[in-house]
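Asks: Starting off with a structure, shown below.
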Amino acid sequence: MGKAPICTWICFLTLVFSHLEFSEEVDVIGAEGSISDGETLVSSLETFELGFFSPGKSRNRYLGIWYKNSPGAVVWVANRNNPIAEGKGVLTLSDTGNLLLNQTNTVVWSTNVSGAARNPVAQLLDTGNLVLKDNKSMPESYLWQSFEHPSDILLPGMKIGWNLKTGEERYLTSWTSADDPSLGSFTYRLDKNGLPQLFIDRGSVKRYRTGPWNGIGFGGVPAVPNLVFKPTVISNENEVYHTYEPVSNSITMRLWLNQSGYLQRLIWEQKSNEWDVLYSAPFDKCGSYGSCGVNSICSSRRADACECIKGFISKSQESKNCVRESPLDCQKGEGFTRLDGVKVPDLLKIELNESLNPTGCEAECLKNCSCTAYANVNVSEGRTGCLMWFGDLFDITEVSDMYRGEDVFIRLSASGLGMNTS
């Protein structure tokens, strides 16, 4: 009678420890370990899952990472341009420390890390980052990570931008279609020239532009981030990049560049188990880059969205471009007309002086006969600067109160200001 409780406890503890031994390795692949098609790797809090999938109607197989509670929300694809068309793939971790995706003894994709790791481990983190590390010599640093090789999704903590030491750029690239994750036509990248701005490009053609970074957010973007997420731009001698974090760990979100070239910020709604769209960009008919010509302003509030800036007239009936009614001659009487609350012109030819106050900025622009406009902008939190444009002004958009706009001062001749110069 007395032996039964002892056996019960021994059996119970054996069951518990065997379960712990099984579950603690669920997010890790050790040296010479593998995952076959049909098996998955799950992050420790079961947020993300890594495995093989077929997108849409395709029968091709890809290695990817997705949200475990939303398998259709794929956030990263390894073999984007090299699908497994026949048979099944196997992901292995070599004893030298490289992840290899094999199909019938052919390497379809690899991490291609140089040098040998003494105790290599691959781990899927709860951030969605697949990392490769050496548990023996460098357990806290990564030999390789998927966050440094973005697909079409920017997750919290991921970076897009530039390594200024190596010249390497990280950016999003859309899928070709819902059935094909290969490199598509659109990219989402950070322009590091002047003040940082974000662009959607189609090949070499700009399709959409935010305004410059102002220390809090990007101009011309809905001013909702502080309620939901916090955007950041870091710029130093080593790198310049953009990232973001949700304001609460309870918020699940992703930024998606879809195959049609639209950028969508999506938030997971737990009650409905669906992704809600916080906003999309381009936002309206004025969102497309250069929807109006040079020296004009676009406003979605008007039926005819484009009109010339004050002091400018249409170049011709067939053209959206505008020219000055009277040219600048750098004579006494020249001044400025103000555009209130706009996405500032693109930073095509500019100068930035962070030491000038608003009065000094106006005087500096007037002193330079080539200066055509200026604005006093926030260049970082708590710091302002004088931004001056030279030449024609392009991609100016009137924005509503919910968007971040700036006041821009356009230089006009005395006659353009309506002054009597006689």
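Asks: Could you list all residues from segment 269-309 that are among the aromatic types (Phe, Trp, Tyr), modelled with pLDDT under 95 and in a strand (DSSP E or B)?
Replies: Tyr279 - this is the single residue of segment 269-309 that is among the aromatic types (Phe, Trp, Tyr), modelled with pLDDT under 95 and in a strand (DSSP E or B).
Asks: Of all residues in segment 237-291, count the ones that are basic (Lys, Arg) and in contact with a Leu (Cβ under 7 Å, 6 or more places away or on another chain).
Replies: Residues meeting the conditions: 2.
Asks: For segment 49-100, which residues satisfy the criterion of being among the hydroxyl-bearing types (Ser, Thr, Tyr), more than 24 Å from Glu32 (Cβ to Cβ) and in contact (Cβ under 8 Å) with a residue 24 or more places away in the chain?
Replies: Across segment 49-100, the qualifying residues are Ser58, Tyr67, Ser70.
Asks: Scan segment 350-361 and give yes if some residue there is out of contact with any Gly (no Cβ under 9 Å at 6 or more places or on another chain), closer than 26 Å to Asp401 by Cβ and in a strand (DSSP E or B), otherwise no.
Replies: Checked against the condition, which is being out of contact with any Gly (no Cβ under 9 Å at 6 or more places or on another chain), closer than 26 Å to Asp401 by Cβ and in a strand (DSSP E or B), segment 350-361 yields no hits at all.
So that you can scan it fast, the table gives a plain yes or no per residue for (1) of a type in the set (A, V, I, L, M, F, W, C); (2) touching a Leu at 6+ places or on another chain (Cβ under 8 Å); (3) within 25 Å of Val233 (Cα to Cα):
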{"position": "Ile313", "(1), (2), (3)": "yes, no, no"}
{"position": "Gln317", "(1), (2), (3)": "no, no, no"}
{"position": "Asn357", "(1), (2), (3)": "no, no, yes"}
{"position": "Lys367", "(1), (2), (3)": "no, no, no"}
{"position": "Thr384", "(1), (2), (3)": "no, no, yes"}
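Asks: Among the residues in segment 324-331, are any surrounded by fewer than 18 Cβ atoms within 10 Å (Cβ to Cβ), within 31 Å of the chain's Cα centre (by Cα) and not assigned by the TED database to the domain that holds Phe199?
Replies: No, that holds for no residue.
Asks: Please determine whether any residue of segment 141-163 is in contact with a strand residue (DSSP E or B) (Cβ under 9 Å, 6 or more places away or on another chain), over 29 Å from Asn249 (Cα atoms) and touching a residue at least 24 places away in the same chain (Cβ under 8 Å).
Replies: No, segment 141-163 has no match at all.
Yes/no matrix, rows are residues, columns are (1) under 19 Å from Asn79 (Cα atoms); (2) in a strand (DSSP E or B); (3) in contact with a helix residue (DSSP H, G or I) (Cβ under 8 Å, 6 or more places away or on another chain); (4) among the β-branched types (Val, Ile, Thr):
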| site | (1), (2), (3), (4) |
| --- | --- |
| Leu100 | yes, yes, no, no |
| Asn112 | yes, no, no, no |
| Gly115 | no, no, no, no |
| Gln123 | yes, yes, no, no |
| Asp126 | no, no, no, no |
| Val131 | yes, yes, yes, yes |
| Phe147 | yes, no, no, no |
| Ser151 | yes, no, no, no |
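Asks: Given (1) farther than 21 Å from Gly220 by Cβ; (2) out of contact with any helix residue (DSSP H, G or I) (no Cβ under 7 Å at 6 or more places or on another chain); (3) open to solvent by less than 50 Å² (accessible area, probe 1.4 Å), identify the lone condition not met by Asp395.
Replies: It fails just one condition, (1).
Asks: Sticking with this one: Check Asn378 against each of (1) crowded, with 20+ Cβ neighbours inside 10 Å; (2) within 30 Å of Lys285 (Cβ to Cβ) and name the one condition it does not meet.
Replies: Only one criterion in (1) crowded, with 20+ Cβ neighbours inside 10 Å; (2) within 30 Å of Lys285 (Cβ to Cβ) is unmet by Asn378, namely (1).
Asks: So which strands (runs of 3 or more DSSP E) are wholly in segment 159-268 and hold at least 3 residues that are open to solvent by 20 Å² or more (accessible area, probe 1.4 Å)?
Replies: Those strands (runs of 3 or more DSSP E) span 172-177, 180-191, 205-209, 229-235, 239-246.
Asks: Can you run down the residue pairs with Cβ atoms below 6 Å, 6 or more apart or on separate chains, where the first is in segment 303-326 and hydrophobic (A, V, I, L, M, F, W, C) and the partner is open to solvent by 100 Å² or more (accessible area, probe 1.4 Å) and in a loop (DSSP other than H, G, I, E, B)?
Replies: Short answer, once both residue conditions are applied: Ala305/Lys285; Cys306/Lys320; Ile313/Glu325; Val323/Lys315.
Asks: Something else: Does at least one position in segment 337-352 carry a residue that is in contact with a Phe, Trp or Tyr (Cβ under 6 Å, 6 or more places away or on another chain) and among the hydroxyl-bearing types (Ser, Thr, Tyr)?
Replies: No - not one qualifying residue is present in segment 337-352.
Asks: Count, please, the residues in segment 388-421 that happen to be of a type in the set (A, V, I, L, M, F, W, C) and at pLDDT 95 or above.
Replies: Looking only at that region, the number is 10.
Asks: Inspect segment 283-300 for any residue being touching a residue at least 24 places away in the same chain (Cβ under 8 Å), open to solvent by 70 Å² or more (accessible area, probe 1.4 Å) and either under 28 Å from Leu263 (Cβ atoms) or not hydroxyl-bearing (Ser, Thr, Tyr) (or both) and give the result as yes or no.
Replies: Taking every residue of segment 283-300 in turn, none turns out to be touching a residue at least 24 places away in the same chain (Cβ under 8 Å), open to solvent by 70 Å² or more (accessible area, probe 1.4 Å) and either under 28 Å from Leu263 (Cβ atoms) or not hydroxyl-bearing (Ser, Thr, Tyr) (or both).
Asks: Output the number of the condition that Asp346 fails; it satisfies all remaining conditions of (1) open to solvent by less than 80 Å² (accessible area, probe 1.4 Å); (2) assigned to a helix (DSSP H, G or I).
Replies: Unmet for Asp346, out of (1) open to solvent by less than 80 Å² (accessible area, probe 1.4 Å); (2) assigned to a helix (DSSP H, G or I): (2).
The values are calculated or read from the model by the stated rules, or taken from the named source; none is laboratory data. As the structure is a prediction and not an experimental result, all values here were calculated from the model. Here Cβ is always computed from backbone atoms with ideal geometry, including for glycine, and neighbour counts include all displayed protein chains. For accessibility, only protein heavy atoms count, side chains too; no ligands or nucleic acids. Shrake-Rupley method; radii C 1.70, N 1.55, O 1.52, S 1.80 Å.
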